[in-house]
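Enquirer: My structure is below; once you've seen it, I'll send some questions.
The values are calculated or read from the model by the stated rules, or taken from the named source; none is laboratory data. Computed from a predicted model, the values in this text were never measured in an experiment. Heads up, the Cβs are rebuilt from the backbone with ideal geometry, glycines too, and the neighbour counts pull from every protein chain shown.
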Amino acid sequence: MTSPRTAVVVFPGSNCDRDNVRSWRAVTGLEAELVWHKETSLPDYDLIIVPGGFSFGDYLRCGAIARFSPVMSEVARLAARGSLVLGICNGFQILTEARLLPGALTRNRDLKYICKDVTLRVENASSAFTSRYAPGQVLRIPVSHGEGGWSASLRELKELQDQNRVVFRYCAPDGSVSPQDAPNGSLDNIAGVLNERGNVMGLMPHPERLAEEILGGVDGRGVFLSLLEAASGGLKR
């Protein structure tokens, strides 16, 4: 098993970039490199994290401007060659704007910013991002967003369901799923999805914020441990 080379992209307005660097180091013992959004050529990273925040002040709509940053062409190139790409919160929004993931993130159902812990159910525990979890496992992970309601056409939704590309759903603490459990009104309670190849995932909750005991819990560790195994060659992509 080789150590993966990992990058965390930084946009003007990113505020979770260093959180992800710290969590990656704390969980895996490895370093991640900060990459500025104006980079036009990247080495062949095994893993790229597109972090949360307010890229370009969330002007127009979340992720709409960041999608045109030079680095995103490189992120798309590396995703096409099989590198793993994780988008968290604003990163998820950017990846949908860049069409690396399906659907779109829209204003929260109650038109209010949400910052609190939520419970998620693991729907797909066989992905490169979730192999350290059990199917149906319930996690406590923080959310912090104003535009987190995932939406898509019924055709896109059916494709995701049929292809097991829904990774996480908002749920009640007992694991049951109903519309009121999605704090943002997300379609089908979806909190995280995969691309068709399975090497790009976006999710609105922040696993890096509950990856160490000092932060109040470790339910987010599984994402980083799963990525370590996959990016190190433990899972075929």
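Enquirer: Specify which of the listed residues (Glu229, Glu147, Glu212) is in contact with a Lys or Arg (Cβ under 7 Å, 6 or more places away or on another chain), of a type in the set (D, E, K, R) and in contact (Cβ under 8 Å) with a residue 60 or more places away in the chain.
Expert: Values: Glu229 fails: in contact with a Lys or Arg (Cβ under 7 Å, 6 or more places away or on another chain); Glu212 fails: in contact with a Lys or Arg (Cβ under 7 Å, 6 or more places away or on another chain).
The conditions single out Glu147.
Enquirer: Restrict the check to region 82-102 and report whether at least one residue is under 28 Å from Lys158 (Cα atoms), over 15 Å from the mean Cα position of the chain (by Cα) and modelled with pLDDT of 95 or more.
Expert: The initial filter retains those residues of region 82-102 that are under 28 Å from Lys158 (Cα atoms), namely 82-102.
Subset that is over 15 Å from the mean Cα position of the chain (by Cα): 82.
Cutting the leftovers down to modelled with pLDDT of 95 or more gives us 82.
Yes.
Enquirer: Moving to a separate point now. Out of all the residues in region 11-45, which are touching a residue at least 40 places away in the same chain (Cβ under 8 Å), surrounded by 22 or more Cβ atoms within 10 Å (Cβ to Cβ) and among the small types (Gly, Ala, Ser)?
Expert: Selection gives Ser14, Ser23.
Enquirer: Here is a follow-up. Would you point out which residue out of Val143, Val138 is β-branched (Val, Ile, Thr), under 21 Å from Tyr113 (Cα atoms) and under 19 Å from the mean Cα position of the chain (by Cα)?
Expert: None of the others qualify; the one that does is Val143.
Enquirer: Restricting to region 46-75, and then to whatever is part of a loop (DSSP other than H, G, I, E, B), in contact with an Asp or Glu (Cβ under 8 Å, 6 or more places away or on another chain) and surrounded by fewer than 23 Cβ atoms within 10 Å (Cβ to Cβ), can you tell me which residue is modelled with the lowest pLDDT?
Expert: Taking the candidates together, the pick is Arg61.
Enquirer: Out of curiosity, is Glu229 within 15 Å of Ile49 (Cα to Cα) and either within 15 Å of the chain's Cα centre (by Cα) or not in a loop (DSSP other than H, G, I, E, B) (or both)? Write out each step before concluding.
Expert: On the way: within 15 Å of Ile49 (Cα to Cα): no; either within 15 Å of the chain's Cα centre (by Cα) or not in a loop (DSSP other than H, G, I, E, B) (or both): yes.
Against the criterion (within 15 Å of Ile49 (Cα to Cα) and either within 15 Å of the chain's Cα centre (by Cα) or not in a loop (DSSP other than H, G, I, E, B) (or both)), Glu229 does not qualify.
Enquirer: What is the residue count in region 168-224 for residues that are aliphatic (A, V, I, L, M) and buried (at least 21 other Cβ atoms within 10 Å of the Cβ)?
Expert: Looking only at that region, the number is 12.
Enquirer: How many of the residues making up region 76-85 are surrounded by 15 or more Cβ atoms within 10 Å (Cβ to Cβ) and in a helix (DSSP H, G or I)? Before you say what the answer is, go through the steps one by one.
Expert: Initial filter on region 76-85 (surrounded by 15 or more Cβ atoms within 10 Å (Cβ to Cβ)): 76, 78-79, 83-85.
Of the ones still in play, those that are also in a helix (DSSP H, G or I) are 76, 78-79.
Adding up the residues that qualify gives 3.
Enquirer: Separate question: Tally up the residues in region 131-172 that are outside any strand (DSSP E or B) and over 23 Å from Arg99 (Cβ atoms), please.
Expert: Count: 9.
Enquirer: Could you list, in sequence order, the residues of region 127-144 that are loosely packed, with under 14 Cβ neighbours inside 10 Å and either free of Cβ contacts under 8 Å to residues at least 24 places away in the same chain or among the aliphatic types (A, V, I, L, M) (or both)?
Expert: Here is the first cut: in region 127-144, the ones loosely packed, with under 14 Cβ neighbours inside 10 Å are 134-136.
Those that are loosely packed, with under 14 Cβ neighbours inside 10 Å and either free of Cβ contacts under 8 Å to residues at least 24 places away in the same chain or among the aliphatic types (A, V, I, L, M) (or both): Ala134, Pro135.
Enquirer: Same structure, new question: What is the number of the single condition among (1) within 28 Å of Ser232 (Cα to Cα); (2) in contact with a Ser or Thr (Cβ under 9 Å, 6 or more places away or on another chain) that Pro142 does not meet?
Expert: Among (1) within 28 Å of Ser232 (Cα to Cα); (2) in contact with a Ser or Thr (Cβ under 9 Å, 6 or more places away or on another chain), Pro142 violates only (2).
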